[in-house]
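Throughout, read-outs are computed from the coordinates displayed, never taken from laboratory work. This one's a predicted model, so the numbers in the text were calculated from it and none came from an experiment. Here the Cβ is made from the backbone with ideal geometry for all residues, glycine too, and neighbour counts use every protein chain on show.
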Amino acid sequence: MTSTPAPETVAFRAEIRQLLDILVHSLYTDREIFLRELISNASDALHRLQFEMLTNAHVLDPEAELAIRLTPDKEARTLTLSDTGIGMTHDELVENLGTIAHSGASAFLKSLQEGQKMADVIGRFGVGFYSVFMVAEEVRVTSRSSRPEAGAWTWICRGDDTFQLEPAERAGRGTEIVIKLKEDAAEFAEGYRLEQVVHKHSDFVSFPIYLGEKTVNRRTPLWRQPRSEITDEAAGEFYKQLTLDFQAPLLRIAMNTDSPVQIYALLFVPAKAEPGMFSLRKEAGLKLYSRKVLIQEYCKDLLPNYLRFLQGVVESEDLPLNVSRETVQSNKVMERIKNALTHKVIESLKELAAKDPEKYGQFWAVYGPFIKEGLATDPASRDKLKPLLRFPSSQAAEGELVSLAQYVGRLRPEQREIYYLLADDVRTAAGSPHLDYFRQQTIEVLFFTDPLDSFMLSGLQAYEGFTFKNAADAEVSAAPPPAPEAGAAPAAELTDLIARFKTQLGERITEVRASERLVGSPLRLVAPADSRDHEMDRVRRLIEKDFAVPKRVVELNPRHALIQGLAARLAAGGQDALVNDAIEQLYENGLLLEGLHPNPAQMVGRIHSLLEAAVNRR
Ligand code: ADP
Ligand code: MG
């Protein structure tokens, strides 16, 4: 026995009531965006239907054209928008258009209070449908699900606290929205105005949008057009519709190829790495189509993870249509698409670096960390990524960055290694005692000043046959060390000073020795030869709460006036608190320069007493 379905009245959830109240009374100038939101819902519904048809043989009306229709009526002051999409059942109407737990509604209201523009944010919080109440006195949504057994229902609302549901008559599947326009929104019952709004906001919706007999959206998927025919303007507009990012992208990458797999792709590098608060793209990933059917809105398997900042669309005729969202991942064609896209992206970046170094500099400033992450985490891309790297160096002008090719291009004749120095910033690097020797020999040293650089090192290994070598390591093979100059501290005094360093610093260090590598600096700290992984130490200092200062070797410069003076003082004076203070301070200065000092402020007391001694000495 079937009971006749009865009309019913349902109350909105509190946050939706509040939202409606604002929308109904709003005088926003950009009200036209309601059409974008409704068309986007219709397009979603059509995409979902298409997908449903791939996996389910029984949908209502399988022959009906997948389309969106706009029907304005000037006399009646109404606008009707219909689609042949997946439709909604009675319960879905209640759920989707009224009772769903909308945390989005509150978030949306909050962002309005914070001064955000309605048009920028409404689509973002899953409340886009309600924007229709900016222009509507009354809205009637009649929908019939594509499930053959479902009946049609109408949802009616006048923008107040409740909505009504009534059984309806509708032969085909899909949704029809009849909008009774407010008096001051009569413009949306005019064909020319609708056409204008569609062009502006919904031009690339892939289903036809009919207005009378005419299709009003441009529709042709831009990514299927030959690369040469994609104008800057069209691409810019496409990017904006895709992301709602108002900043122009840094780079556009178009791909249209048949081998080794068929691929159409239109990708963008956004100007900023973090999507804007109101980006339409809610997750990382590219839109994946197969034969014009949207397979996945956020496909993360098309590019390696470190290239997750790219936005855009990929389509392939080679992907089987019945590939489900779950099996996309394990599909062999996907692997080939991924390889081809990765290659293309890296090549395009290299091309940018060659053609427009300034713009590449902008790219590097924003996305350098992603490329370094790739080096550390993706062995397959490693060699391809090295040409993209840029670093400050001991020979680069301030603010200028050097590529590995440039570095190798100016190697000293006897040089077989690429030298780098880890430091907290360029200034610290430039003042490092490890540079003494390299300066003297005019050997260039790259500065690795990004905390990520320590991680990246694991993937760096070699470039064009030259291995990477830390300039702070005790031994370097570029050239013989400088001959000891005259004026070094006398041997006996120096031996005593070394012994004093050892007793004073005790367990904190592993060894003290004289060094030939130092020129202008009195002392440096180097990692013991057997220490593993010491290049991560500075990172540990930043992230570990109870960071223990690692043990280092102390190297002294016997030719430096300070070391000579200390040695002489020790020889003259025996137990001298000043000598001990100086040793402590020299050691801690070393820690500071290495980025290993856990608490530099602690040094101030000792520095004061050393100053006092210096000032009072006559
Ligand atoms: P969002 O589109 O972000 O989910 P909306 O407020 O625009 O949020 O729409 C709410 C929900 O209503 C949609 O997720 C969808 O389930 C349903 N819906 C809206 N319009 C249609 C339509 N034309 N056909 C089918 N379902 C729809
Ligand atoms: Mg929507």
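In bins 10 Å wide, starting from 0, what share of all Cα pairs of the range 17-164 does each bin hold, as a percent?
10, 38, 35, 15, 2
Which one, M88, A6, Q415, projects farthest toward the positive side of the charge dipole computed for the chain from Cβ point charges (K/R +1, D/E -1)?
Q415
Taking the number of other C-beta atoms within 10 Å as the exposure measure, put S290, S279 in order starting with the fewest.
Final ranking by Cβ density, sparse to dense: S279, S290.
Kirkwood Rh, Cα Rg: Rg to Rh for the range 102-246?
Rg divided by Rh gives 1.00.
Going by how many other beta carbons lie within 10 Å of each one, how would you line up S40, S330, fewest first?
S330, S40
If you average over every viewing direction, what projected area does the convex hull of the Cα atoms of the chain give, in nm²?
The Cα convex hull of the chain, projected and averaged over all directions, gives 38.2 nm².
May I ask for the distance between the Cα centers of the range 260-284 and the range 33-60, given as a whole number of Å?
22
If I take all pairs of Cα atoms in the range 389-470, what percentage of them are more than 17 Å from each other?
41
List every DSSP H helix in the chain whose Cα atoms extend 24 Å or more along the helix's own long axis and whose mean Kyte-Doolittle hydropathy is at least -1.0.
In the chain, the long hydrophobic H runs are 33-55, 332-355, 357-377, 577-594.
Computed from the mean reciprocal separation of all distinct C-alpha pairs, what Kirkwood hydrodynamic radius does the range 544-603 have, in Å?
Here the Kirkwood hydrodynamic radius works out to 13.1 Å.
Beyond a 22 Å Cα-Cα separation, which of these cross-linked pairs lie in this structure: K287/K350; K272/K332; K282/K386; K287/K338; K386/K551?
K287/K350; K272/K332; K282/K386; K386/K551
Please list the radius of gyration and Dmax for the range 219-280, considering alpha-carbon atoms only, with Å as the unit.
Answer for the range 219-280, Rg first and Dmax second: 12.5, 38 Å.
Roughly how compact is the range 251-384, stated as its Cα Rg over 2.2 N^0.38 Å to two decimals?
1.04
Quick one: work out the % antiparallel among DSSP beta bridges in the chain, nearest 5.
In the chain, approximately 75 percent of DSSP beta bridges are antiparallel ones.
Expressed in nm², what is the orientationally averaged projection area of the convex hull enclosing the Cα positions of the range 473-618?
Seen from a random direction, the Cα hull of the range 473-618 projects 10.1 nm² on average.
Going by C-beta contacts inside 10 Å, put R517, R48 in order with the fewest on the left.
Going from least to most buried by this count: R48, R517.
What's the center-to-center distance, using Cα atoms, between the range 508-528 and the range 342-403 in Å?
The range 508-528 and the range 342-403 have Cα centres spaced 34 Å from each other.
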